Amino acid sequence: MSCISINLKKEETIIKIEDNATKDEIINELNEKITELAKLYQNEKTPIRVTGKILSEEELKDIEKDITEHLNVAINFDTPTSLGLHSIVRSYKENIENSETIYHRGSLRSGQRIEAEGSIVIIGDVNAGAEVIARDNIIVQGTLRGLAHAGAKGNKGAIITAGTLEAVQIRISNIVREIDKNEELVVQKAYVCVKDNKVKIENW
């Protein structure tokens with residue numbers, strides 16, 4: 001069963017990847033289809049847009065490499081890999097190394113828990129009673145009300161960001177910040193990091 005569809009339009013070529021496709025399936029099928037696509041292009045410079053599946057950094061790099069080996073065209077990734085994390089990291093903490101990133105599309109309900117050995121991007125909200133734990137960075141594109149624990153294995157250079165911060169507790173490494181309900185702290189575009197061995201909340 002095909003995991004990649006290619007739609008040639010006048011303005012662009014769209015490569016759509018199915019959500020449940022594995023990395024090996026993507027690369028194997030892309031190798032076949034991109035060779036045929038290159039024959040159609042010849043001297044064309046129509047840009048390519050990749051959409052569909054939420055891609056890991058490794059998948060993105062492999063797909064980009066595969067396409068550029070056959071075609072000298074602009075590639076746009078219309079997937080959540082282009083959102084949030086790396087622009088935030090590069091803007092605020094150039095010394096943070098990019099780590100393997102996983103993406104969760106949808107909000108986390110109370111009782112749900114996600115853990116990662118790298119960074120996590122939540123494309124949705126983290127509701128009260130939900131937990132997100134990452135060895136490196138945590139990016140919540142919606143509202144963070146639940147527990148976020150970044151740098152869970154000792155990385156004090158990790159960050160947490162949220163479209164809106166309404167959590168009562170946040171953690172980076174072994175440093176915890178409790179937020180008193182009386183503070184009524186609601187921060188838009190929150191950027192959380194460790195400074196002077198304390199968890200600081202800023203705006204990004």
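The values are calculated or read from the model by the stated rules, or taken from the named source; none is laboratory data. Since the structure is predicted, the reported quantities are computational estimates derived from the model, not experimental observations. FYI the Cβ positions are ideal-geometry reconstructions off the backbone, even for glycines, and counts take in every protein chain you see.
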- Query: Among the residues of region 161-204, how many are modelled with pLDDT under 85 and in contact with a Lys or Arg (Cβ under 7 Å, 6 or more places away or on another chain)?
  - Reply: 2
- Conditions (1) buried (at least 24 other Cβ atoms within 10 Å of the Cβ); (2) small (Gly, Ala, Ser); (3) farther than 21 Å from Lys198 by Cα; number of the one not met by Gly129: (1)
- When region 134-150 is checked residue by residue, the ones that are surrounded by fewer than 18 Cβ atoms within 10 Å (Cβ to Cβ) and at pLDDT 95 or above are none
- Message: Going residue by residue through region 103-118, is there one that turns out to be touching a Gly at 6+ places or on another chain (Cβ under 8 Å), touching a residue at least 40 places away in the same chain (Cβ under 8 Å), surrounded by fewer than 24 Cβ atoms within 10 Å (Cβ to Cβ) and in a loop (DSSP other than H, G, I, E, B)?
- Response: no
